[in-house]
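Input: a single structure, listed below in C-alpha cells.
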Amino acid sequence: MADHESHGTEPVAPPIGGGAPDTVMLEPSAEAGVPVGAGSSPAPRHGGAVRVLRRVLILVVVLVSLFLLPWWTLFSSHTDWPFPVVLAGTVLFAAALLSFPVLMVMGHGRRRSDRAARVADTTLGVIWVLFVWSALSGLLRLVLIVSGVGDPARSRIVAVVVAVVGAGLLAWGYREAMRLPRVVRLDVTVPRLGRGLDGTRVVVLADTHYGPIDRAGWSARVAEAVNELDADVVCHAGDIADGTPHQRRGQAAPLGTIRSRLAKVYVTGNHEYGSEAQGWLDRMEELGWEPLHNRHVVVERGGHSLVLAGVDDVTAESSGLTGHRANLDGALAGADPDLPVLLVAHQPKYVHQAAGAGIDLQISGHTHGGQIWPFHYLVRIDQPVVHGLSRHGERTQLYTSRGTGFWGPPFRIFAPSEITLLTLRSA
C-alpha cells in the first residue's frame, strides 16, 4: 500500500567501514539528466476538469463502498440489534467516513499534520480489514443458511465473527508492523561474479517509511540488527520516509551508524518525490551513504570487481525536478561491460529495462508484499513480482523485498517486514 529533486556529479566518498582487508574503488559515472516536460503543451482545461471530476466520483464511490459494507454487515443485514446499538454504530461509521478525507488531506497534503495522518492512516487500515472480512463473510452466511440457521441469529453470528476476526487481525497486524523485522537469508548465484567476491554479503533495506508515528527507537534497533549481519554491502532501495529530511531527521539518524566493509548505497523511491527527493539524497550522503542518483560505484575484493548501480524511481520524471528520471544508461556510463552489475531500482517493474541491458541482479522494494492481505492481488496488477527472487530474461535476476517498515496504516497482515541478507555466489 504504497504512494507519494538536480544533482551534478558528486564527490567520491571515502570507503565505508574499516578494519577489513577488502578494498573499494568508487567510480562515479556521468549523469545524463535533462529537464522534464520541455516542449509539452498544456491539456485543454475542459478535458482536465472532466478527468478530475471522474476521479473524484470514483473516489467517492470507493470510499462509500469501503465504509458501507462493514456497517451493513455489523449493524444492519437483519441483525435486529437494539436501536441504541444500531444508532451508535451508524454514528461511528458516518463520522469516520466524513472525517477520513479531511484528515487525509490535513495529514498528507501541504499541511502535513502528523496527528491527522496517524488517525487517517489507522482508519484506512481498520476499514480495509473490516471491508475484506465483511465481503468474505458471505461464505459463512451461506453455510449458516444451508445449516438452517435463520435470522436474526444468522446475521448476528456473521457480525460477531467479522468483528472478532477483524479486531484480532488488527491487533496482530499492529504488532507485526512495529516489531523488529525478521532477517530473510538467501543465497543468490551470479554466474559472472568473480571467485574473489564469492560469499559477498549484501544487506537490503527498503521502504522504511519514517513517518507520522515516531519510530526513532525502531530505526536504531534496525541499524543494530544490520550491523550484526556483518555486511559487505548495504543497500537502501528507496521510500526512506514520508516527510522531509527535516521532519524525519531523528528517525533517519540511526542510518548513519550502519557499517559495511565495501559500500552503503541508496536510491530514491516514489515517496521521496513528494518529500524533497534531492534533500534526501543530500541527507543520506551526510550519513555516509553513496546516493546512486543515476550513477554507479565499483567495489573490489579478492582481485575481482562488482558494479553497484542505481537509478531514480520511475516516477521521478513526472516530478518536475531537473535531472531526475530513471536513467540506466547514465548509471552505467563508464562501467566495464564485462563486470557483473547489481542494480538498485525501487520498483520491481524496472526489471524490464534491466533485463534488456543484461543486468545480473536487480534489488527492489516498493510492494511491501501487499502489506495488508489481500492487497497483494492489486499490487500484482502493477508489478511483475510482489516478493522474492525471480528470473527475467536469460541473465537477469530480481529480488523484491517486502520492505522493512510500513506505509500509512500501522498494520502488516500476512505480509511480514524484512531485513534481507543476500549472499552472492559465483557460478
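The values are calculated or read from the model by the stated rules, or taken from the named source; none is laboratory data. Given the structure is predicted, the values throughout are model-derived calculations rather than measurements. FYI the Cβ positions are ideal-geometry reconstructions off the backbone, even for glycines, and counts take in every protein chain you see. What goes into the accessible areas is simple: the full protein's heavy atoms, side chains included, and nothing from ligands, DNA or RNA. Shrake-Rupley method; radii C 1.70, N 1.55, O 1.52, S 1.80 Å.
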### Query
Is it the case that the range 161-171 has a residue that's over 16 Å from Leu74 (Cα atoms) and surrounded by 13 or more Cβ atoms within 10 Å (Cβ to Cβ)?
yes
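Just the residues that are surrounded by fewer than 22 Cβ atoms within 10 Å (Cβ to Cβ) and outside any loop (DSSP other than H, G, I, E, B), please, taken from the range 188-218.
Of everything in the range 188-218, those that are surrounded by fewer than 22 Cβ atoms within 10 Å (Cβ to Cβ) and outside any loop (DSSP other than H, G, I, E, B) turn out to be Val188, Thr189, Arg195, Gly196, Arg201, Ala216, Gly217, Trp218.
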### Message
List the residue pairs whose Cβ atoms are under 6 Å apart, where the first residue sits in the range 278-306 and is under 10 Å from Lys264 (Cα atoms) and part of a strand (DSSP E or B), the second is modelled with pLDDT of 95 or more and among the hydroxyl-bearing types (Ser, Thr, Tyr), and the two are 6 or more positions apart or on different chains.
### Response
Pro291/Tyr266
### Residue satisfying all of: in the range 69-85; more than 14 Å from Pro152 (Cα to Cα) and touching a helix residue (DSSP H, G or I) at 6+ places or on another chain (Cβ under 8 Å); surrounded by the fewest Cβ atoms within 10 Å (Cβ to Cβ) among these
Val85
### Message
Report every pair of residues separated by at least 6 positions or lying on different chains whose Cβ atoms are under 7 Å apart, first residue within the range 209-233 and over 28 Å from Leu306 (Cβ atoms), second part of a loop (DSSP other than H, G, I, E, B) and basic (Lys, Arg).
### Response
Tyr210/Arg248
### Query
Can you name the residue in the range 269-304 that is among the acidic types (Asp, Glu) and touching a strand residue (DSSP E or B) at 6+ places or on another chain (Cβ under 7 Å) and is also surrounded by the most Cβ atoms within 10 Å (Cβ to Cβ) among such residues?
Glu290
### Query
Among the residues of the range 389-422 satisfying the criterion of being touching a Phe, Trp or Tyr at 6+ places or on another chain (Cβ under 6 Å) and farther than 13 Å from Met178 by Cα, which is surrounded by the fewest Cβ atoms within 10 Å (Cβ to Cβ)?
Leu389
### Query
Under 6 Å by Cβ, and 6 or more places apart or on different chains, what pairs join a residue from the range 377-399 that is hydrophobic (A, V, I, L, M, F, W, C) with one that is surrounded by fewer than 18 Cβ atoms within 10 Å (Cβ to Cβ)?
Val386/Arg380; Leu398/Ser390
### Summary
Per the list (1) open to solvent by 10 Å² or more (accessible area, probe 1.4 Å); (2) touching a strand residue (DSSP E or B) at 6+ places or on another chain (Cβ under 6 Å), residue check on His246 breaks on (2)
### Task
Taking Arg425 as meeting all but one of (1) closer than 18 Å to Val341 by Cβ; (2) open to solvent by 20 Å² or more (accessible area, probe 1.4 Å); (3) in contact with a helix residue (DSSP H, G or I) (Cβ under 7 Å, 6 or more places away or on another chain), write down the number of the exception.
(3)
### Task
Only one of these is aliphatic (A, V, I, L, M) and farther than 19 Å from Ile359 by Cα: Leu321, Leu332, Leu339, Leu292. Name it.
Leu321
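Considering each residue of the range 300-316, count those that are hydroxyl-bearing (Ser, Thr, Tyr) and farther than 12 Å from Ala335 by Cβ, and give that number.
1
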### Query
What's the number of the condition Val149 fails, among (1) farther than 27 Å from Phe375 by Cβ; (2) among the β-branched types (Val, Ile, Thr); (3) buried (at least 18 other Cβ atoms within 10 Å of the Cβ)?
(3)
### Task
Find the residue count for the range 371-388, including only residues that are open to solvent by 60 Å² or more (accessible area, probe 1.4 Å) and either under 11 Å from Pro348 (Cα atoms) or among the charged types (D, E, K, R) (or both).
3
### Task
For the range 106-120, indicate whether the set of residues that are acidic (Asp, Glu), part of a helix (DSSP H, G or I) and crowded, with 17+ Cβ neighbours inside 10 Å is non-empty.
no
### Message
Criterion first (open to solvent by less than 10 Å² (accessible area, probe 1.4 Å) and modelled with pLDDT of 95 or more) does Ser260 satisfy it?
### Response
yes
